[in-house]
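One structure below.
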Amino acid sequence: MVSVNLPTLSLAAFAILAVFAVIYGRQWRREPKRNEFLLFAAASGLAAVGALLSAFAGGDFGFFSIALAQALMLSGAALVWQGMRAFDDRRLDLKFAAAGPVAFLLLMASAPLLQVDVNARFLFAVLVGALYTGLAGWELAVSEKEEQLENRTMVYRWFGTLSVALLLSGCIAAVWPLSAETLSPSSAPLWLTLVVLALLAHAVIAPMSIFLLLRDRLLVQHRWAAATDTLTGLANRATFLDLLQTLSMKIRGEGAFLYVDVDHVKRINDRFGHSNGDHVLKTCAELIARELPEHALLGRLAGAEFAAYVPFCKVEEAESLGNIIRESVAEQLFFLGDELVEVTVSVGVAHGAMQVTADELLKRADAALHTAKVRGRNSVVVWGEAETVSFA
């Protein structure tokens, strides 16, 4: 029969969990606003102490050994659940997280049945543990549509599997009751051995999987930062041009390109400071995005220049969109310092069918924008065949 040495496994779990408690604790000190690091550090620390107490607990019931050890490990499971909520920016529910471990500890101290019946203690512990483990997996699963991380599915499936395994072990214990004698390595049933090994695996997999999730999000944030403009949150020049090339090839139909330039931004920067100039650019970006269709591609190409590509848009509709954007900016109230400042934009519009490349569309819109500036700005110009594109 396969047997395990419970104290040895408990010490191994203690060592692993203690290391992760230190890792997450140090990370929280670097980023004190990230509550998930604090919660994961506390969860690993409490579970580590619980595993250490379990290693030195005797076979008989002892409140300050077995009961406290199990309560600490359940607290760790509850805090992992809360850490998952913090990870996905949900409101914490520390009262419910504390309810299970506290109820377990109080009943262990006051209920004679739990003190004398190892089977009752086991059933109660696995039910509470399965609840919090399942909730941790559920938190990750419900956010998968909002944020797809490489390891998210694997992690919530693991937590869900362990939760089901704990519930199943409780059902088995109800049919095949435990006793003080069955807890010894020589007489432990096979199913209990498997449960213990699964819990040891969880002590390794749970903190490691959380670490992988944090790494996945960091990679996504770095990719996002590299692809977007930091001021406006729009696609930056390189990303916009790449997406434009891909989208124009996939659409293979009529599309319009709008090139928008905020007039006289340098004057605003020189007179009111760059912070106010940034405020103007950010507000204009929001106004442009608000007026465009949802399926439009929008990016910031340079300091005061924004570009939009609208698939399946006729030239008349594109010109109308340009005027809507121009009027929306002109009607916006900009208070810079103590003054009310008028801000305008110039818009160049180009239109092309499937034979017109994305690069050619950009050049045509740039030529139209140049014409709008030459004519006095605060206007919309549609590119015509007679116009040059040499300055694009």
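The values are calculated or read from the model by the stated rules, or taken from the named source; none is laboratory data. In this text, all values refer to a predicted model and were calculated from it rather than measured experimentally. Cβ placement follows ideal geometry from the backbone for every residue including glycine, while neighbour counts extend to all protein chains displayed.
Below is a table of values for the structure above.
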item	result
Residue match in region 289-297 (condition: aliphatic (A, V, I, L, M), touching a strand residue (DSSP E or B) at 6+ places or on another chain (Cβ under 8 Å), touching a residue at least 40 places away in the same chain (Cβ under 8 Å) and farther than 21 Å from Gly376 by Cβ)	yes
Residues being touching a Leu at 6+ places or on another chain (Cβ under 9 Å) and among the charged types (D, E, K, R) - total across region 287-321	3
Flag if Arg217 is modelled with pLDDT under 90 and under 18 Å from the mean Cα position of the chain (by Cα)	no
Filter result (over 27 Å from the mean Cα position of the chain (by Cα) and not aliphatic (A, V, I, L, M)) within region 121-152	Arg121, Phe122, Phe124
Hey, Gln221 surrounded by fewer than 17 Cβ atoms within 10 Å (Cβ to Cβ), touching a residue at least 60 places away in the same chain (Cβ under 8 Å) and part of a helix (DSSP H, G or I) or not	no
Residue count for region 220-235, restricted to those that are of a type in the set (A, V, I, L, M) and modelled with pLDDT of 90 or more	3
Those residues of region 74-120 which are polar (S, T, N, Q) and more than 38 Å from the chain's Cα centre (by Cα), in sequence order	Ser110, Gln115, Asn119
Some residue of region 8-25 being out of contact with any Gly (no Cβ under 6 Å at 6 or more places or on another chain), surrounded by fewer than 19 Cβ atoms within 10 Å (Cβ to Cβ) and not in a helix (DSSP H, G or I)	no
